[in-house]
Amino acid sequence: MLKSLDLSISILYILLILSIGLWVGIRHRRKSKANVAGEYFLAGKTLKWPAIGLALFATNISTVHLVSLAQSGFDSGLLNGNFEWMAAFTLILLALFFVPFYIKSGISTLPDFLEKRYDKSSRDWLAVISVVSAVIIHIAFSMLAGGIVLKTLFGLNMYVSVIVICIITAIYTIVGGLKAVVVTESIQTVVLLTGAIVIGYAAFHRMGGWEPMTQVLKSHNEANKLSMLRPRGDSSGMPWYAVFLGYPILGIWYWCADQTIVQRVLGAKDENNARLGPLFCGFIKILPVFIFVLPGLFAYTLAKTGHLDISSLGVNEKGVVNSKGIYTLMITQLLPSGLIGVLVAALLSGLMSQVAGALNSISTLVSYDMYQRYRPLASDKQLVLVGKITAGIALVFSLALLPLLNRYESIFSGINDIIAHIAPPITCVFLLGIFWKGASATSAKLTLWIGSALGVVVFAISKLYPDTMIGQVPFMMMAFYLFCVCMVMQISFSLLYPVQHNAESAQLYWKSPWEPLQGVALKGIGNYKVLSALLLLIIGVLYYVFR
């Protein structure tokens, strides 16, 4: 239970974010009456790169990350930090290859892009998949992680506490639109990072530094917990080749083809800001390994040396510590009163950022890609109203999923397990669409349909019959195998049903891999090519150090 001081800090923070979100959103819309829907859904395309980068990071980083990455650090060391550093590679792909098409085509949603490159069938399917994935991955799992933490800290019913926070988030998201989301996300990113750094320093200080931690690991023959790249046959099921083969499939869908993420880029002021925003986010993505994952590893060594009491966590039927609540335990045992309130505010900010971003993206998809299709003469006010109603329905549906998703032992693994079966056909269709002239509309439609159905079947088999050959394949490798099947499928269908380009689609693929690098760039360190090379170099050095 929180003390009154900590509880007061947390409540004041929630009220502050609500007030700022409402004020920014309403003020922005009053100043810009001309394009009501454009202002609501894309912030009038006025966003600059710092806001885009911070908003991308905030939408990605949520309570799920603080809770589940600390848990993974406790259980398996730095291994799941691969999801953070590998993201830098896909953010470079977004900045260099995807952004120019998105900005040039003037789209409001990614399904809109698929219609321009392929056809309406592809657009419709991606819109449905995007809404479903946003509800499950971006909202429901975030609610679950937040609910576990809030139940522990406040002593309230998990569902009641999550409902209260989500209603507050929905108010400023539905009333304020994307501008309110981006501004509040930028504020919450700072709070989230500050809170994570505080708990990380507290664990580091209690342990006595890096050397004592490594000595404890070596004494227990667990020095491999410091390794990011594990050998073949590693018990984690995530050897180095699975990371490099499987992650790009998940990452390209998540960072380059998922509406919830890319919508921040679509609101950019111009192409340079749209490119620099993802690169800025890529540099920030270096931090989570050190401030989210590493504290969990410190907690493990603290527990081994008796400096952290984990008896309240209990053990599962295998005799292994039930580490899902380790982050909450670190907050209450390592921090003084007052700072606990700051950390709770950080957890709430993560929950609110994820839900706010997803609600805005869902409302955009339904308004533009579904409602406007059947009501082409709908006014801007009608589109905004439909978006607000959709956001409310999505929130209720996400709450209903909580009991089902709570069955996963690890929230982080649950999310990536689901993504691994959703992403392959979408990643395939987007990659071939922008890099291969011959990718046809019919091939894209069939690949999306068959590939998605195949993903569902494989997912069902792996869960219902875990001892079968399919059930034994780690999800990262399964993503790669499904992607390969989808690639063969789309290339084959393109040869059977050749492409028929129109004037618009003929401009929406790269004629050569070097063409996207010819775009106008700022001079000096602000050049997106220079920043991309610098980011690649830093990530490469980090992988060498933590190999």
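Miscellaneous remarks
- Heavy-atom surface of the chain, accessible at 1.4 Å and reported per residue (Å²): 39
- Degrees, to the nearest 10: 240-251 long Cα axis against longest axis of the chain: 50
- The range 46-153, relative contact order in percent, only Cα pairs under 8 angstrom and at least six apart counted: 29
- Across the range 501-510, computed HN-Hα scalar couplings (Karplus, 6.51 cos²θ - 1.76 cosθ + 1.60, θ = phi - 60°) run 6, 9, 4, 7, 5, 5, 9, 10, 8, 7 Hz from first to last residue, x flagging Gly and Pro.
- For the chain, the Cys residues with no second cysteine's beta carbon closer than 4.7 Å are C166, C256, C281, C484.
- Rounded to 10°, Cα long-axis angle of helix 158-207 versus longest principal axis of the chain: 40
- The 1.4 Å probe gives accessible areas that order H501, H421, largest first, as H501, H421.
- Trypsin sites (Lys or Arg not before Pro) lying in DSSP loop within the range 382-450, provided at most 16 other Cβ fall within 10 Å: R407, K437
- Taking a ≥ b ≥ c as the square roots of the Cα gyration tensor eigenvalues, the range 497-547 comes out oblate, since a/c reaches at least 1.5 and a/b does not exceed b/c.
- Here the accessible area is traced with a 1.4 Å probe on the protein chains. For the chain, carbon and sulfur cover 67 percent of it.
- Listed peptides 411-417, 12-18, 257-263 by packing density, highest first (mean Cβ within 10 Å): 257-263, 411-417, 12-18
- Scanning the chain for GluC sites (Glu not before Pro) that sit in a DSSP loop and have at most 14 other Cβ atoms within 10 Å, the longest stretch containing none of them is 1-316.
- Global form of the range 189-237, assessed from the alpha-carbon gyration tensor, a/c cut-off 1.5: oblate
- Assuming charge only on the beta carbon of Lys and Arg (+1) and of Asp and Glu (-1), the dipole of the chain about its Cα centre is about 1080 debye to the nearest 20.
- For the range 356-361, 3J(HN,Hα) per residue [Karplus equation, 6.51 cos²θ - 1.76 cosθ + 1.60, θ = phi - 60°, Hz, x = Gly/Pro]: 4, x, 5, 4, 5, 5
- Using alpha-carbon coordinates, inclination of helix 120-133 to the longest axis of the chain, degrees: 10
- Legend: P(r) of the range 447-526 from all alpha carbon pair distances, 5 Å bins from 0, whole percents, reading 3, 11, 13, 14, 13, 11, 10, 10, 8, 4, 2, 0.
- Listed residue pairs exceeding 24 Å between alpha carbons, taken from K285/K388; K104/K523; K225/K529; K218/K285; K151/K388; K3/K285: K285/K388; K225/K529; K218/K285; K151/K388; K3/K285
- Looking at the range 389-516, the pairs of alpha carbons with a distance over 21 Å make up 54% of the total.
The values are calculated or read from the model by the stated rules, or taken from the named source; none is laboratory data. Note that the structure is a prediction, hence the values are computed from the model and not measured. Note: ideal-geometry Cβ built from the backbone for every residue, glycine included; neighbour counts use all protein chains shown. Ligands, DNA and RNA are excluded from the accessible area calculation, which covers all protein heavy atoms including side chains. Shrake-Rupley method; radii C 1.70, N 1.55, O 1.52, S 1.80 Å.
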